[in-house]
Amino acid sequence: MKLNLKKPLCFFDIEATGLSVVSDRIVQIAIIKYFPDDRAPIALNELINPGIPISQEAMDVHGITPKMLANKPTFQQVAKKMYDFIGDADLAGYNSNRFDVPMLMEEFSRVGIEFSIQKRRLIDVQRIFYKMEPRTLRAALKFYCQKEFENAHDALADVRATIDVFMGQLERYATEDFHQDDGTIIPTPIRNDIQAIHDFTNDLNFADATQKFKYNKDGVIVFNFGKQAGLPVGETLSKDRNFYNWILNKEFTSQVKQIVKHEVKEYEKNQKR
């Protein structure tokens, strides 16, 4: 299909050192630029030395290591070429409005280039997907059970609909494997096994729902925020009681506070052995 364009359109994607659009950096950017005339699309693909460490979580996703970037240019060295390549084009991507666009703007800003989106149209393909294939209970009931939802947002009706959807999912996916982005396969994760479904539907890297804590490679609960990021919770807070009391008295979730108390107690108990 030929795109109906009034001006160029750049589809682009960014791989980065992490998920923060402010503090993380780009390690790869790929752009394919479409034109309103009959010219063929052109592509730009750059690996970039970020100048900061790449998080293990990010490397697990995109597979780009510091060694691969050691002799690559910095963003500052490719910024002008990239800026000229994009020109006045509109921008498109997947989840690009929340991640790729603001991260690109931050990188340009650091090198003194104002990359404005005021006169650019932004196309986020993920938003099309989510809007056209809504992830609501009503949509799920119709998809899995071929039922219309009556009495929506009545708590008991919602529970019954949720049960129907769950039963429909168990039937639909009973023999279906899950293919992950890295090529690995999880055999039949949606089966009549509560532990298996728990493992599949929860991010087991994090220790709490608000993702303030996560598990390191040794299974130890560590901080996932602030200057303590990566440090063990129990040891850190046992040695810093001001920080410990601050967490307990601030607006963290009760789950976070329970973890804090448990980790400190376990650490101090182990120290006495």
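The values are calculated or read from the model by the stated rules, or taken from the named source; none is laboratory data. Just so it is clear, the model here is predicted, and its values are computed rather than measured. Positions of Cβ are backbone-derived with ideal geometry, glycine not excepted, and every protein chain shown enters the neighbour counts.
Here is a check on your reading of the model: is residue 235 modelled with pLDDT of 90 or more and outside any loop (DSSP other than H, G, I, E, B)? Taking the combined requirement at face value, the residue satisfies it.
Of the helices (runs of 4 or more DSSP H) lying entirely inside region 94-183, the ones with 2 or more residues being surrounded by 16 or more Cβ atoms within 10 Å (Cβ to Cβ) are found at 101-110, 137-145, 155-172.
Only a single item in (1) within 25 Å of residue 183 (Cβ to Cβ); (2) surrounded by 13 or more Cβ atoms within 10 Å (Cβ to Cβ) is not met by residue 56, and it is number (2). Among the residues of region 217-239, the ones that are surrounded by fewer than 19 Cβ atoms within 10 Å (Cβ to Cβ), touching a strand residue (DSSP E or B) at 6+ places or on another chain (Cβ under 6 Å) and within 17 Å of residue 264 (Cβ to Cβ) come to 4 in all. Hey, does region 196-206 have a residue that's in a loop (DSSP other than H, G, I, E, B), surrounded by 13 or more Cβ atoms within 10 Å (Cβ to Cβ) and of a type in the set (A, V, I, L, M, F, W, C)? No, because not a single residue in region 196-206 is in a loop (DSSP other than H, G, I, E, B), surrounded by 13 or more Cβ atoms within 10 Å (Cβ to Cβ) and of a type in the set (A, V, I, L, M, F, W, C). Within the set 48, 42, 32, the sole residue that is β-branched (Val, Ile, Thr), surrounded by 14 or more Cβ atoms within 10 Å (Cβ to Cβ) and in contact with a helix residue (DSSP H, G or I) (Cβ under 9 Å, 6 or more places away or on another chain) turns out to be 48.
When region 18-43 is filtered for residues that are assigned to a loop (DSSP other than H, G, I, E, B), in contact (Cβ under 8 Å) with a residue 24 or more places away in the chain and touching a strand residue (DSSP E or B) at 6+ places or on another chain (Cβ under 6 Å), only 24 remains.
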